[in-house]
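So the structure is just underneath, and the comments pick up after that.
The values are calculated or read from the model by the stated rules, or taken from the named source; none is laboratory data. Values in this document were obtained by computation on a predicted structure and should not be read as measured data. Positions of Cβ are backbone-derived with ideal geometry, glycine not excepted, and every protein chain shown enters the neighbour counts.
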Amino acid sequence: MTRVIHTGDTHIGYRQYHRSERRRDFLDAFEQVVEDAVADGVDAVVHAGDLFHDRRPDLPDLLGTLSALRTLDDADIPFLAVVGNHESKRDGQWLDLFESLGLAVRLDREPHVVGSTAFYGLDFVPRSQRAALDYEFADHDADHAALVTHGLFTPFDFGEWDAAEVLSSSTVAFDAMLLGDNHAADRAQVEGAWVTYCGSTERASADERADRGYNIVTFDGEVSIARRGLDTREFVFVDVELSPGEGIERVHERVDQHDLADAVVIVTVRGDGERITPAELEREIDERGALVARVSDHREFEEVRDLEVSFADPDEAVNERVRELGLSAAARHVDEVVRASKVADANVAEEVESLVAEIVEEGDPDALEAIEPTTGAAAADDAADATDAGGEESGAGSGETDSPSPSAPPSAEGGRGDGGSEGSEGGEGSEGSGNESGSAAVPEAGSETVATEADGAGSAEDQSTMGDF
């Protein structure tokens with residue numbers, strides 16, 4: 001008889017939600033498995049891949065793993081494992097290091113016999129390389145045989161690696177396939193063998209709602225699989241279906257039914273009720289002592305408000321900037337010739353040269369002196385004075401004409417606004433939509449005026465709104 005713990009997907013080193021506490025949780029879960037193995041006196045701990053969350057674990061995670069493996073070694077319990085996709089390296093694997101220290105066995109095509117069972121291993125193989133695989137394994141003379149491997153296998157719904165093909169093509173008649181990669185525990189019989197996932201030892205995503213644990217597999221004439229749970233960090237899942245007229249008060253009622261202290265709290269809002277602000281609710285949950293709060297409200301709301309859009313006068317914008325520069329009278333005169341006169345572009349240089357020569361000939365030193373820059377109200381007064389003076393000059397020079405009044409900003413009609421935002425984990429996303437009738441619209445109450453500098457006729461900038469995160 002052989003009795004082993006089948007575990008995997010421990011993902012040691014995963015700093016979930018960017019919290020160091022969660023990183024420690026993943027190592028704690030693995031240490032619990034080791035403690036249970038020693039307490040129960042199992043024949044081996046079999047790990048089906050993804051011992052680490054990535055291929056570069058930090059030193060504290062390596063040291064913690066080494067300590068746990070030494071605990072198993074001190075109890076004469078072998079640690080048998082394969083390499084998963086998360087930790088796989090191009091060169092030597094971490095399992096090779098542990099094996100060189102006498103703390104682990106990296107399973108392969110040769111049998112490693114524990115009690116009455118021969119264990120074989122097949123590391124994770126990318127899908128593109130599986131067609132070239134052969135399933136030739138060395139012979140054994142044990143009573144049972146088990147293949148430990150990592151991947152997503154059929155007949156499970158998510159499977160893309162055919163377990164039946166592996167079993168039928170193998171040169172060894174396996175009694176069981178002990179699998180890793182899927183984080184949900186599951187089992188099925190294929191080709192007369194048990195195919196089973198042990199599930200992860202900690203929740204690596206908010207979708208993993210079931211309790212975490214591992215399998216205890218016994219080989220004794222036949223194969224039996226039992227399940228044992230782990231004491232992991234509390235995850236509080238609050239699903240709220242809002243009826244029309246219901247809003248944040250109803251969400252509070254549901255959240256208040258739970259103990260949130262040190263928990264990861266996942267709130268999901270659905271239904272036809274009022275819009276809520278996820279960020280505000282997350283802050284409130286944090287204040288109640290939760291370790292992590294994530295609120296998800298991906299409902300779409302169709303209400304929109306027209307956005308009134310106006311355009312800044314480009315000439316006035318340039319005039320204001322010129323006043324701020326504090327140019328001399330001569331320089332401002334040159335600027336006027338370049339921008340405001342009807343001199344052909346090809347003759348501008350000659351006209352400016354003539355103008356400068358005239359200023360120099362007049363010998364007025366003040367004409368080349370910079371003036372104090374004007375901004376704000378002073379700039380407005382200067383602009384008014386300049387307009388009045390310009391009108392008088394114009395009237396005196398070529399028959400009287402009224403100075404033009406500032407033109408009204410062009411209408412927003414004919415414009416089009418498209419905006420949208422995409423929520424992040426635990427955040428709220430919204431999709432903006434264009435208004436085909438011509439007026440720009442965004443999913444925000446009220447209206448605001450947007451001024452944009454434009455060339456010539458000017459163009460409206462697309463407006464977008466950012467959802468709450």
Original post:
Among the residues of region 87-107, how many are of a type outside the set (S, T, N, Q) and buried (at least 16 other Cβ atoms within 10 Å of the Cβ)?
Top reply: 9
Subject >> Within region 223-279, tally of residues that are in contact (Cβ under 8 Å) with a residue 40 or more places away in the chain, over 21 Å from Val292 (Cβ atoms) and in contact with an Asp or Glu (Cβ under 9 Å, 6 or more places away or on another chain) >> reply: 2
Original post:
In region 247-256, is there at least one residue being part of a helix (DSSP H, G or I), out of contact with any Lys or Arg (no Cβ under 6 Å at 6 or more places or on another chain), more than 28 Å from Val114 (Cα to Cα) and acidic (Asp, Glu)?
Top reply: yes
**OP:** Looking only at region 206-235, count how many residues are at pLDDT 95 or above and either within 16 Å of Ile5 (Cα to Cα) or small (Gly, Ala, Ser) (or both).
**Re:** 18
Original post:
How many residues does region 191-203 hold that are buried (at least 19 other Cβ atoms within 10 Å of the Cβ) and either without any contact (Cβ under 8 Å) to a residue 60 or more places away in the chain or not β-branched (Val, Ile, Thr) (or both)?
Top reply: 9
Original post:
Out of all the residues in region 74-86, is one or more surrounded by fewer than 19 Cβ atoms within 10 Å (Cβ to Cβ) and in contact with a helix residue (DSSP H, G or I) (Cβ under 6 Å, 6 or more places away or on another chain)?
Top reply: yes
**OP:** Evaluate the following for Ala379: is it surrounded by 11 or more Cβ atoms within 10 Å (Cβ to Cβ), in a helix (DSSP H, G or I) and modelled with pLDDT under 75?
**Re:** yes
**OP:** Look through region 1-35, keep the residues that are touching a residue at least 40 places away in the same chain (Cβ under 8 Å) and in a loop (DSSP other than H, G, I, E, B), and return whichever of them is farthest from Leu59 (Cα to Cα).
**Re:** Met1
Subject >> Filter result (within 30 Å of Arg203 (Cα to Cα) and either modelled with pLDDT under 75 or of a type in the set (A, V, I, L, M) (or both)) within region 292-339 >> reply: Val292, Ala293, Val295
**OP:** Answer with yes or no whether Thr65 is crowded, with 21+ Cβ neighbours inside 10 Å, among the hydroxyl-bearing types (Ser, Thr, Tyr) and closer than 27 Å to Gln16 by Cα.
**Re:** yes
Original post:
Among the residues of region 259-287, which ones are among the basic types (Lys, Arg) and surrounded by 16 or more Cβ atoms within 10 Å (Cβ to Cβ)?
Top reply: Arg275
